[in-house]
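One structure is given here, and the rest of the page talks about it.
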């Protein structure tokens, strides 16, 4: 997270373009998400993207890497924490499901997106 924040600050300090920050899994549970949202807003993010994988994340490009997703209810809690934490209600929180990567199917991806 520190490296991402460092780069975000460097970019945000040199542009007026709105920046969408991908915060991966939110760096842990809902408590970590609360911390991350504040840090990314202060660093200059205009929006954040968070995904439903477990933490720590293993890239889908890693051979034999685990591709576990959170329970839907746990991910909902992380999104609710992110929304409640924002200082600026104009900072969207974009929830992303990774259900297609471990081949859970379109129905599962749509169920997760709807939730």
- line: The condition from (1) at pLDDT 95 or above; (2) buried (at least 18 other Cβ atoms within 10 Å of the Cβ) that residue 80 misses is numbered (2)
- prompt: Just one of 11, 31, 37 is within 23 Å of residue 98 (Cα to Cα), more than 13 Å from the chain's Cα centre (by Cα) and not in a loop (DSSP other than H, G, I, E, B); which is it?
  reply: 31
query: Is one or more of the residues making up segment 85-93 assigned to a helix (DSSP H, G or I) and more than 12 Å from the chain's Cα centre (by Cα)?
result: yes
- prompt: Restricting the search to segment 37-54, which residues are in contact with a helix residue (DSSP H, G or I) (Cβ under 8 Å, 6 or more places away or on another chain) and surrounded by 15 or more Cβ atoms within 10 Å (Cβ to Cβ)?
  reply: 37, 39, 40, 43, 44, 45, 48, 50, 52
- prompt: When segment 14-28 is examined, which residues are found to be more than 13 Å from residue 2 (Cβ to Cβ), touching a strand residue (DSSP E or B) at 6+ places or on another chain (Cβ under 9 Å) and assigned to a loop (DSSP other than H, G, I, E, B)?
  reply: 18, 19, 24, 25, 26
- request: Specify the residue that is surrounded by the fewest Cβ atoms within 10 Å (Cβ to Cβ); the eligible residues are those in segment 60-75 that are within 16 Å of the chain's Cα centre (by Cα) and either more than 19 Å from residue 109 (Cβ to Cβ) or modelled with pLDDT of 90 or more (or both).
  value: 73
field: Output for segment 95-112, where each listed residue is in a helix (DSSP H, G or I) and touching a strand residue (DSSP E or B) at 6+ places or on another chain (Cβ under 8 Å)
entry: 112
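The values are calculated or read from the model by the stated rules, or taken from the named source; none is laboratory data. For clarity, every value in this text was computed on a predicted model and none was experimentally measured. All Cβ positions, glycine included, derive from the backbone under ideal geometry; neighbour counts span all protein chains shown.
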